[in-house]
Amino acid sequence: MSTNTEEKRAWAAVPAVAHIEAQLATLEARRRALGDVLSPDMARRKVYDDAARATVEGAQFPADIGKRAAKAYRDALEAESEALGLRAGIDSLKAHLAYLKTTDGAELALTELGKSLAAFLAEVREHIPALGGANSAEEAIHVGNDATEAWKWLTAAVGRLKVLRQAQWNILRPLGDGQRLQSLKERGHLEVAGLKPDDVPSDVLRSMTMGLYDVSYLVYLANSGTAWVPTSFDEVEAEAEDVVDIGVPDDSVIDYSPRVSRTPEPPAPTRHGFERTPDISLK
């Protein structure tokens with residue numbers, strides 16, 4: 001389970017996922033509490049071995065050895081059955097959880113994450129005016145105490161932006177082509193909707209595409225009005241209009257450029273052998 005706080009909060013807002021995760025945690029705790037479980041045969045064998053060892057050391061061989069061995073077998077059978085049952089339940093819940101997290105559950109979690117991002121950026125915007133236009137810690141000090149405090153707050157807030165974006169990536173990644181999604185991420189399409197690189201300052205675009213967040217980028221993102229969390233792989237694909245797929249060439253495109261020569265076709269068979277291939281070299 002992820003330790004990302006924003007990711008956990010997003011999944012907790014999906015009732016079906018929250019229910020399965022709670023049940024899974026309960027079963028896993030029960031399985032840990034069982035500890036190591038002997039098989040019935042091993043448990044019965046242990047009774048025999050313990051009795052024989054005690055006899056060697058001077059004790060009497062138990063008169064009820066059969067009863068003891070049978071009880072050990074039954075107890076171990078029950079413990080083994082519980083362990084197997086818990087394991088089956090855990091595996092089933094994990095499979096269902098994976099299904100939920102790659103279908104409608106993912107969309108709901110990403111929607112919730114989008115709300116968290118919007119609320120966070122709204123809070124960021126409240127601190128921006130105090131900067132007085134400062135673009136560095138030194139400039140904030142020069143502006144005054146309010147700017148310094150705002151710069152400190154925003155510096156700490158950069159860390160939360162990283163957590164939010166990592167949560168977004170963790171939830172989105174299983175939903176589609178990982179290589180394609182990585183390409184979209186590196187072009188900034190997971191940061192803002194309708195991205196047009198030519199309209200973005202170079203330093204901002206660098207932060208956006210490389211994930212090198214700082215206060216200046218956080219301020220830009222909060223003021224952009226287009227920061228988003230896509231709710232599906234298809235949605236981010238649809239927004240990435242400027243990204244060109246490398247796929248199957250368009251067969252409708254015909255190259256009419258002249259060529260110096262063409263490779264002759266193999267001679268055609270005739271009733272008496274092969275005809276001589278005519279010279280088709282372009283003069």
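Worth a mention:
For (1) surrounded by fewer than 17 Cβ atoms within 10 Å (Cβ to Cβ); (2) among the charged types (D, E, K, R); (3) farther than 18 Å from A157 by Cβ; (4) touching a residue at least 24 places away in the same chain (Cβ under 8 Å), each residue gets a yes or a no:
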position: Q168; (1), (2), (3), (4): no, no, no, yes
position: L175; (1), (2), (3), (4): no, no, yes, yes
position: G178; (1), (2), (3), (4): yes, no, yes, no
position: L181; (1), (2), (3), (4): no, no, yes, yes
position: G188; (1), (2), (3), (4): no, no, yes, no
position: K196; (1), (2), (3), (4): yes, yes, yes, yes
position: S207; (1), (2), (3), (4): no, no, no, no
position: V215; (1), (2), (3), (4): no, no, no, yes
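- Residue within the stretch 221-234 that is more than 24 Å from the chain's Cα centre (by Cα) and surrounded by 20 or more Cβ atoms within 10 Å (Cβ to Cβ) present: yes
- Total residues in the stretch 124-148, condition within 35 Å of the chain's Cα centre (by Cα), surrounded by 13 or more Cβ atoms within 10 Å (Cβ to Cβ) and either of a type in the set (D, E, K, R) or not in a loop (DSSP other than H, G, I, E, B) (or both): 3
- The lone exception for T231 - which of (1) among the hydroxyl-bearing types (S, T, Y); (2) in contact with a Lys or Arg (Cβ under 7 Å, 6 or more places away or on another chain); (3) not in a helix (DSSP H, G or I) it fails: (2)
- Under the condition of being closer than 16 Å to L113 by Cα and assigned to a helix (DSSP H, G or I), the residues counted in the stretch 176-192 number 0.
- Of all residues making up the stretch 1-52, the number that are among the β-branched types (V, I, T) and touching a Phe, Trp or Tyr at 6+ places or on another chain (Cβ under 9 Å): 2
- Checking R53, R9, R31 one by one, the residue that is farther than 30 Å from A167 by Cα, modelled with pLDDT of 95 or more and part of a helix (DSSP H, G or I) is R53 and no other.
The values are calculated or read from the model by the stated rules, or taken from the named source; none is laboratory data. Since we're looking at a predicted model, the values are computed, not measured. Every residue, glycine as well, gets a Cβ built from its backbone with ideal geometry; the counts of neighbours run over all protein chains shown.
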